[in-house]
Amino acid sequence: MSDIKITPEAAIMRLPYQDWSTTSPSSIDAVAALEQGKVLFFPHLAFNLTDTEKTLLTPELADPKRKNISYQPKLQKLTGVAVEKQREAIQKLLAHHHRACQELVTSVLPEYRHTLHTPTNSLRLHPISAWKACNSWRKDDTRLHVDAFPSRPNYGERILRIFTNINPHGENRLWRVGEPFPELAQRFLPRLGRYSPLISWVQDKVGITKTRRSHYDHLMLQMHDAMKADMEYQNNGPQQAIEFPPGSSWICFSDQTPHAAMSGQFMLEQTFLLPVKAMKTPQNSPLKVLEAMLHKPLI
């Protein structure tokens, strides 16, 4: 495999937004670019922290066994906090970021505003290097991968993520972004193991998964692992490095866009799910791409 680069123009669309709730119309079709697998990059869209919120940027507040502190705004549920006296302040910060992300969706991705669901906000406090050092290769997010949920099958729904670098020390967050999903699927699909409805049923019954894993979920999880296990692909596969400085934000469909987080610390992340039928171009979804390649339904 040759050392192939993805051009920045192919991987990224830069957007000039500086306000999470801007009402200024844009001629840029952000939804089309996003559904093609591009990263929407907002170099000047900062999430400004109060002085009190800045005191929360310390890894000691997070459970060392968890990648992040997680907040489900619909359920008012906060998990992963190691210092109980800071629980209320952390929840307020994540609720604030969730509201800002809702406003950004209305501004930039208005087609999705009524169909995005199951929001989860995360505060990532650990440096990427520390998380990598104490986890298995499957959890090593410095390796190119597409996102898939091992225990929570999502039956083809899209994983939309909004990221913000809130590092107070000027440290960029460095990513690698890989090839378009159809090319990725062509490369890895022949390597993936067969789907077993029986095994899926057993995993559900014994509590390994929260619901039965569909053929689609099986393939995506296998692809996630196959990508991370292939060091030749990691080193020499098609990819482009991107730096996200403090005070910037970015959006991608993380189930579609191959990505790897190489370095950085302190980030806010908002996750939504989106039904495939709510897309402008459902044929670009991983579900429809894989179904077209295999000539059969996968859910």
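The numbers here are math on the coordinates, done by the rules we state, and not lab data. Here the structure is a predicted model, which means the values were calculated and not measured. Heads up, the Cβs are rebuilt from the backbone with ideal geometry, glycines too, and the neighbour counts pull from every protein chain shown.
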> lysines within cross-link reach of Lys228: Cα-Cα under 29 Å, excluding same-chain residues under 8 positions apart?
Replying inline: Lys5, Lys38, Lys65, Lys67, Lys132, Lys139, Lys205, Lys210, Lys288, Lys296
> Say we join alpha carbon atoms closer than 10 Å with springs in a Gaussian network model of the chain; which of Ser214, Ser107, Ser200 then has the biggest fluctuation?
Replying inline: Ser200
> For the range 105-234, what's the radius of gyration and Dmax over Cα atoms, in angstrom?
Replying inline: 16.9, 51
> Can you sort Cys101, Cys252 so the residue with the fewest Cβ neighbours within 10 Å comes first?
Replying inline: Cys252, Cys101
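Which number comes out as Rg/Rh for the range 146-190 once both Rg and the Kirkwood Rh are worked out on C-alpha atoms? All intermediate terms of the calculation are to be shown ahead of the outcome.
Values: Rg = 15.1 Å, Rh = 14.0 Å.
Rounded to two decimals, Rg over Rh is 1.08.
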> Using Cα atoms only, what is the angle between the long axis of helix 87-108 and the major principal axis of the chain, expressed in degrees (0 to 90) to the nearest 10?
Replying inline: 70
>> Name the residue from Trp201, Leu221, Ser107 whose Cα lies farthest towards the positive end of the charge dipole of the range 8-294, charges +1 on Cβ of Lys and Arg and -1 on Cβ of Asp and Glu.
In response: Trp201
> In Å and whole numbers, how far do the C-alpha atoms of the chain stretch along each principal axis, longest first?
Replying inline: 54, 47, 39
>> Compute a Gaussian network model of the chain, connecting alpha carbons closer than 10 Å, and tell me which residue from Lys65, Lys139, Lys288 fluctuates the most.
In response: Lys65
> So, in nm, how far is label Ala278 from label Lys210 when the simple model puts each one 7 Å beyond its Cα toward the Cβ?
Replying inline: 1.6
>> Using Cβ counts within 10 Å as a stand-in for footprinting exposure, how do Tyr216, Tyr71 rank, fewest first?
In response: Tyr216, Tyr71
> Dividing the Cα convex hull volume of the range 147-299 by residue count, how many Å³ per residue is that?
Replying inline: 124
> How large is the convex hull of the Cα atoms of the range 21-175 per residue, expressed in Å³ as a whole number?
Replying inline: 145
